[in-house]
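One structure is given here, and the rest of the page talks about it.
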Amino acid sequence: MLRAALEEQRAECAVCFCDEPRSDGVTCGEDGHFVCRDCLAGHVAAWTSPPGDVDDDFQGLRLLADHGGRVRCAGEACAETYSDRDLARLLSDDAFAQYMAAKGKITEARIAAMEPGVRRIAQDALAAWLEKGGGNFVPVAEMVPAKVVGNLLGLPDGDAERHRNWAMVGGEMLAGDVDLPRMLELARENAGMA
């Protein structure tokens, strides 16, 4: 019985096929592929290397970027990704630092790609406000972030006003300033956004 318990705690690596303790590797998803520490380190290194630094089919940072800054499972054709917690537990400090630096580069590139759209949203909002002769700036200050967040979430531009209203009522609710009629109005608005 003890032997069976010990065998249950071991697994075959999906990459090198060695038999390793489960604690010395990571399993993707619920009952997914087990990958040992050494194979995981090599896999992460390939995913965080600049293109051209790796001699195989991996495209380094491009793969990491294509998967939202997450390292995909090393199992063949598996779409699961590893958590930062598992990577921090299993990788050397240097390897984990390289992974985090690669994620930082991807985030910087995403922000740079978003910047023209955010500028357009802000310029359009300011132009409309100035066209009206200025005045109360609060609606502009509320609408610009609502449109940017809505854009990130994939909401149609026409839903920005409803998104702003929803966000503002959410703030009212957190502050305890919402009465029952306003909560019912929010529920109707939310139903329309679905």
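A few remarks follow.
- Taking trypsin sites (Lys or Arg not before Pro) across the stretch 106-194, the ones in a DSSP loop with at most 15 further Cβ atoms lying within 10 angstrom of their Cβ are Lys132.
- For the set Ile121, Ile111, the ranking by accessible area, highest first and with no ligand, DNA or RNA atoms included, is Ile111, Ile121 under a 1.4 Å probe.
- Shape of the stretch 80-187, Cα gyration tensor, a/c cut at 1.5: oblate
- For Ala11, residues with placed amide H under 5 Å, excluding near neighbours: Glu20, Arg22
- Here the label points at Ala97 and Leu130, each 7 Å from Cα along the C-beta direction, are separated by 4.7 nm in the simple model.
- Structure-derived Cα Rg over 2.2 N^0.38 Å: which label, when the choices are [x] 1.49; [y] 1.00; [z] 0.93: [x]
- Under 5 Å, built H, 5+ apart or other chain: amide partners of Val71: Tyr82
- Relative to the longest principal axis of the Cα atoms of the chain, helix 180-193 runs at roughly 60 degrees.
- With contacts taken as Cα pairs under 8 Å and at least 6 residues apart, the chain reaches a relative contact order of 11 percent.
- Distance between modelled label sites at Glu172 and Arg110, nm, 7 Å Cα→Cβ extension: 3.2 nm
- Gained length - Asp19 relative to Leu152, 0.36 nm times residue gap less alpha-carbon distance: 43.5 nm
The values are calculated or read from the model by the stated rules, or taken from the named source; none is laboratory data. The structure presented is a predicted model; accordingly, all values stated were derived computationally and were not measured. Glycine gets a Cβ as well: all are built from the backbone with ideal geometry, and neighbour counts include every protein chain shown. The protein model used for the area step is the full one, side chains on, heavy atoms only, and it has no ligands, DNA or RNA in it. Shrake-Rupley method; radii C 1.70, N 1.55, O 1.52, S 1.80 Å.
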